[in-house]
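J.: A single structure is presented below for examination.
The values are calculated or read from the model by the stated rules, or taken from the named source; none is laboratory data. These numbers were taken from a predicted model, which means no experiment stands behind them. Cβ: placed from backbone, ideal geometry, glycine included. Neighbour counts: every protein chain shown. Only protein heavy atoms, including side chains, enter the accessible area calculation; ligands, DNA and RNA are left aside. Shrake-Rupley method; radii C 1.70, N 1.55, O 1.52, S 1.80 Å.
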Amino acid sequence: MSKLTVSVSPHIRSSRTTQNIMLDVIIAMLPVVIASGFLFGPRAILLTVISSAVCVLLEYCWEKLMKKPLTVQDLSAVVTGMLVAMNVPVSTPVWMLIVGDIAAIILVKQLFGGLGCNFVNPALVGRLVMMFSFPSAMTTFTGSAGIVDATTSATPLSAPGTLVWDQFTTLLLGKHGGAIGETCALAILIGGIYLIVRKVIKPIIPLCFIGSCCLFTFLFGGENPIMQIFAGGLLCGAFFMATDYVTSPITNSGKVIFGVFIGFLTAVIRVFGSYPEGVTFAILFGNVLVPYINDLTLTRPLGGLFPGKEKKEAAK
Amino acid sequence: MKEKLKIFTNGIFKENPVLILLLGCCSVLAISVTVSGALGMGLALTFVLVCSNVVISLLRKIIPDKVRIPCFIVVIATFVTLVQMIVEAFLPDLNNALGVFLPLIVVNCIVLGRAEMFASKHGVVDSFLDGLGMGLGYTFVIVGIAVIRELIGNGTIFDQRIIPEGYQIGIISQTPGGFMMFGFAMALLIYCLNKKGKKFEPRIGCDGKCGSCTANCESRITDLPGQDETVEVK
């Protein structure tokens, strides 16, 4: 009897740790990295490696400097670094990438208290900072090297035109201009399915996000849904960025609201806005609203009342 | 003498109008893009603040309590008009850079705030020192932020190129950069004010009703008539 310890709940333990979840995310992103190597040449892989290394180094230095416990081994900085690199064109100079990494790790993650305390997705802020600072470098997309001749081109989204069905395979394989990690739809889908099979993410947010974006772009501008899904950063954003644990709602109903809302925002920006792509802004805006969505969709305790109704019941 | 010095330095550090009292942030965010503009704005505001503080302090026994705000505004607007005319005549470039923010000093919270919180309750010399301290506190902050924003965001200081073309980080001189630098400046000042083992607690300006206040603060005024009466609410 002396070995019986009394402790507070939760008692159910799982073997999942931050480290192995992040490892799964990294594995899921590998197809995208490999695909980018084929499409854009070795520089794409090099940028990804540099960005991850810089993020880890920044996190290590900051935590040493601030005398905080080291959290480098949880691999989250590696994921952030990879995501930042996936969001830039292959021709981006390395120093610009480092600026993005600083914004992501120091500004958004560490200043707000490290992993779990960031209020928006760090990688997306990194992208946003780079986009506002270096507008020309960040929108000069070099077409796929290796498979097609390297030409400078816009993303298909900024020059839509009519979609021929032949182009479908082009979009699926990513043989068009764009950021390193957003062009190859097939690789992103493989990564996304891996995450869902490994139960790292639930498919609710990606499905709601992509579905509502298609629906609303079609309603607002009569856009071709296939084009809207496969061109631009929608898939990459839906699977790898919108599903970030820290900055997405906890409950299933909250996830639905979140997904539909950012899909709607993306559609509004794509159709009416001056930027061709709206995924970044939409996800960031959704991130900011997450605490409110969480409050609205609190889970009812078994046999209990919805929070807020208790007061009314008590008044009666 | 030491007390007078304290009134002066209060405005620069412990009660810095921008970073601690959080007054007049709008012009700081908007004007701190170039160092020359920031310097002009800071000096213009310091001039208005010193003059209006002195005049309001002189008139504090004459101004009826009920219409004090309009009276303050009239005094402040006089000096702002003066500054505006001078700048327009002699420094047209600065006038273009400051734009609408120069006439807007009339409603700048720092000027009105100091008139209400300090000049209408203190003597002329104290009010002069307070105005000077607050004005310089504002100038230091806006120029400090502008140096960083112009250097990183545009690669120049006083229009002299320091960082070669193509290596500037544009976002710092845009609106988001303004907010970021503002936050960093605030954190830096509070970090410097934190003494060892004692945390600095910013004293946000009070309404001056020391009689009904329980806080034991440094600028407690005890000899004001009528302050101790508490109004009964029926």
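J.: Can you find a residue in the stretch A:300-316 that is under 23 Å from the mean Cα position of the chain (by Cα), at pLDDT below 90 and not charged (D, E, K, R)?
T.: no
J.: Just give me the residues in the stretch B:129-166 being modelled with pLDDT under 90 and either hydrophobic (A, V, I, L, M, F, W, C) or under 20 Å from the mean Cα position of the chain (by Cα) (or both), in sequence order.
T.: Listed by number, the residues that qualify are B:I157, B:F158, B:I162, B:I163.
J.: Another question about this same structure. Give the stretch B:63-87 a look and list any residue that's part of a helix (DSSP H, G or I) and over 18 Å from B:V100 (Cα atoms), or say none.
T.: First, the residues of the stretch B:63-87 that are part of a helix (DSSP H, G or I): B:65-87.
Correct list: B:D65, B:K66, B:V67, B:R68, B:I69, B:P70, B:C71, B:F72, B:V74, B:V75.
J.: Answer yes or no as to whether B:F179 is modelled with pLDDT of 90 or more, open to solvent by 90 Å² or more (accessible area, probe 1.4 Å) and either of a type in the set (S, T, Y) or more than 17 Å from B:K121 (Cβ to Cβ) (or both).
T.: Here the answer is yes, as B:F179 does meet what is asked.
J.: A further question on this structure: I need every pair where a residue in the stretch A:92-120 that is away from chain B (no Cβ under 11 Å) and in a helix (DSSP H, G or I) has its Cβ under 7 Å from the Cβ of a residue that is open to solvent by less than 10 Å² (accessible area, probe 1.4 Å) and hydroxyl-bearing (S, T, Y), sequence separation at least 6 or different chains.
T.: Hits for this filter: A:L97/A:S51; A:D101/A:S51.
J.: Residue under question is A:S91, and the condition is that it be small (G, A, S), more than 27 Å from B:F182 (Cα to Cα) and open to solvent by 30 Å² or more (accessible area, probe 1.4 Å); does it hold?
T.: It is true that A:S91 is small (G, A, S), more than 27 Å from B:F182 (Cα to Cα) and open to solvent by 30 Å² or more (accessible area, probe 1.4 Å).
J.: Further question on the same structure: Only one of B:V75, B:V54, B:V80 is open to solvent by less than 10 Å² (accessible area, probe 1.4 Å) and of a type in the set (V, I, T). Can you tell me which?
T.: Exactly one of B:V75, B:V54, B:V80 is open to solvent by less than 10 Å² (accessible area, probe 1.4 Å) and of a type in the set (V, I, T), namely B:V80.
J.: OK, next. For the stretch A:121-136: of the residues being open to solvent by less than 30 Å² (accessible area, probe 1.4 Å) and polar (S, T, N, Q), which is nearest to the other protein chains (Cβ to nearest Cβ)?
T.: A:S133
J.: What residue, of B:I110, B:I157, B:I163, B:I142, is surrounded by fewer than 18 Cβ atoms within 10 Å (Cβ to Cβ) and touching a Gly at 6+ places or on another chain (Cβ under 7 Å)?
T.: B:I163
J.: Looking only at residues in the stretch B:35-45 that are open to solvent by 10 Å² or more (accessible area, probe 1.4 Å) and not hydrophobic (A, V, I, L, M, F, W, C), which one is farthest from B:R149 (Cα to Cα)?
T.: So the residue we want is B:G40.
J.: Name the pairs whose Cβ atoms lie under 8 Å apart, with the first residue in the stretch B:174-190 and more than 12 Å from chain A (Cβ to nearest Cβ), the second open to solvent by 40 Å² or more (accessible area, probe 1.4 Å) and outside any helix (DSSP H, G or I), and 6 or more positions between them or separate chains?
T.: From residues that are more than 12 Å from chain A (Cβ to nearest Cβ), the pairs are B:G178/B:V33; B:L189/B:F13; B:I190/B:P202.
J.: Could we say that A:V256 is at pLDDT 90 or above and loosely packed, with under 13 Cβ neighbours inside 10 Å here?
T.: Values: at pLDDT 90 or above: yes; loosely packed, with under 13 Cβ neighbours inside 10 Å: no.
Criteria not met by A:V256.
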